[in-house]
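J.: The structure under discussion is supplied below as structure tokens; questions concerning it will follow.
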């Protein structure tokens, strides 16, 4: 015969089992979140360090690189290290980038974004391409937006290469984004028609926390993290290095 006392004891045991399972689930989810956060943070830090290396190597090339005049007029500098580009018949682009913009106190804390899109042509194989973008004020506003398309929403052109920008170019007046690429050691202006640029919210949260957003970061309202100093030093030194070449 089942007594009320027996039913009560069974209920207590079941409740204890449920509580233990919930606690175990919470622990598992907690470790998963910590693992994700650690991985996302490492990805973001590695991206900044790789972007700094890209700038150093591009500007170290004799008689090559981004002209001094272009760097002086830059509102923002964005780098996508090791963007994958290629395919068979239909090419594709995919990469993750980091950007910084000028503020009254110097270069801003870095903001993170992704680049994806397609191109059409006779492409065979896959190669890693380093991408550099120089943006003016309008380009900066595009970067702050959640998504834009290069060549569609934002005007873009292959940037001039060498010690000085050609006097015949209209990059200062009409172009929101100047694009450059380096592949297999060759550096040149690049075209990225149709590529889509999106905010990378996961990397932003991993570095700054949940309250930061791209606008606050790029306008200087977010403190520069220690992990960004290598990248910002590379950006700040780019113009000085270009001047020494001129």
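J.: Ranked highest first by the average count of other Cβ atoms within 10 Å around their residues, in what order do 147-158, 65-76 fall?
T.: Averaged packing, sorted descending, gives the order 65-76, 147-158.
J.: Given axes a ≥ b ≥ c from the Cα gyration tensor, I'd like to know whether region 44-83 is rounded (a/c under 1.5), prolate (a/b larger than b/c) or oblate. Walk me through the numbers before you get to the answer.
T.: On the way: a/c = 2.80, a/b = 1.42, b/c = 1.97.
Oblate, since a/c reaches 1.5 and b/c is not below a/b.
No lab work stands behind these numbers, since they all come straight from the coordinates. Please read all numbers here as calculations on a predicted model, not as lab measurements. Glycine gets a Cβ as well: all are built from the backbone with ideal geometry, and neighbour counts include every protein chain shown.
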